[in-house]
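J.: What follows is a single structure, and I will ask about it in a moment.
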Amino acid sequence: MMNTSSSNLETRPSLLQELRSFEKGGFFDFGHPLLNRIAESFLKAAGIGAIQAVSRETYFTATEGAGLDSRGGGIPPEISGNKKHRFPDLRGENNTKSLEAMVKHTGKESLQWGLAAGVYSGLTYGLTEARGAHDWKNSAVAGAITGVALALTSEGSSHEQIVQGAITGAAISTAANLLSGIF
């Protein structure tokens, strides 16, 4: 007679198999491929943005605690213009306020990364469906609009920053599209 608990363990997929199934089916099913793609891109990039924000702040906190200059090569920040921390209010009155500030800023950065990925992914999908072709033109338009969206989410964005964001986004996404066949 078989033990039912051991037979259940044998038929259950491993964690690696579960993760691989997400690549095929995705995290979400909203009923339309465009919505699924935007949501998945947003979620993945937001997670990466959160990890990046926390790791950056951890690095700056560690180097500051060790008395090292993490930027500027020994040049004082008031001369070099470099800020020690991207999140200046993390030095709260107590640990709770510092943690609240870190969560707030990490959330904002996650949102920006997710916004960029969701907008870009949605636009490239929509343009491919509308034009019937996936080429560098779709990438350029999607990159430019994503660059504008990112520039608009930064504090005190100027006209120059918005134009620069559009040009940079278009250039990076077009280069990535054109180089994707090479590498």
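J.: Please specify each residue of region 120-137 satisfying the condition of being open to solvent by 40 Å² or more (accessible area, probe 1.4 Å) and in a helix (DSSP H, G or I). Write out each step before concluding.
T.: We begin by selecting, within region 120-137, every residue open to solvent by 40 Å² or more (accessible area, probe 1.4 Å); these are 120, 123, 125, 127, 129-132, 134, 136-137.
The answer is Y120, L123, Y125, L127, E129, A130, R131, W136, K137.
J.: May I pose another question? Suppose the filter is under 19 Å from the mean Cα position of the chain (by Cα) and surrounded by 20 or more Cβ atoms within 10 Å (Cβ to Cβ); does S154 pass it?
T.: No.
J.: Pairs under 7 Å by beta carbon, first residue in contact (Cβ under 8 Å) with a residue 24 or more places away in the chain and within 14 Å of K108 (Cα to Cα) in region 137-162, partner open to solvent by less than 70 Å² (accessible area, probe 1.4 Å) and outside any helix (DSSP H, G or I), six or more apart or different chains?
T.: none
J.: Also: Answer yes if at least one residue in region 161-183 is assigned to a loop (DSSP other than H, G, I, E, B), under 24 Å from P33 (Cβ atoms) and not hydrophobic (A, V, I, L, M, F, W, C), and no otherwise.
T.: Yes, region 161-183 contains a residue that is assigned to a loop (DSSP other than H, G, I, E, B), under 24 Å from P33 (Cβ atoms) and not hydrophobic (A, V, I, L, M, F, W, C).
J.: Same structure, new question: Determine the pairs where a residue that is touching a residue at least 60 places away in the same chain (Cβ under 8 Å), located within region 103-120, has a partner that is open to solvent by 40 Å² or more (accessible area, probe 1.4 Å) and not hydrophobic (A, V, I, L, M, F, W, C) with Cβ atoms under 6 Å apart, the partner being 6 or more residues away or on another chain.
T.: Matching pairs, first to second residue: Q112/T153.
J.: Could you grab the pairs with beta carbons closer than 6 Å, sequence gap of 6+ or different chains, first residue in region 163-183 and in contact (Cβ under 8 Å) with a residue 24 or more places away in the chain, second one β-branched (V, I, T) and open to solvent by less than 60 Å² (accessible area, probe 1.4 Å)?
T.: Within 6 Å, the pairs are G169/T146.
J.: Could you check region 46-79 and list, in sequence order, the residues that are modelled with pLDDT under 70, open to solvent by 60 Å² or more (accessible area, probe 1.4 Å) and either closer than 30 Å to G114 by Cβ or assigned to a loop (DSSP other than H, G, I, E, B) (or both)?
T.: The answer is G67, L68, D69, R71, I75.
The values are calculated or read from the model by the stated rules, or taken from the named source; none is laboratory data. Predicted model, so just to flag it, every value in this text is computed and none were measured. As a convention, Cβ positions derive from the backbone with ideal geometry for all residues, glycine included, and neighbour counts pool all protein chains shown. What goes into the accessible areas is simple: the full protein's heavy atoms, side chains included, and nothing from ligands, DNA or RNA. Shrake-Rupley method; radii C 1.70, N 1.55, O 1.52, S 1.80 Å.
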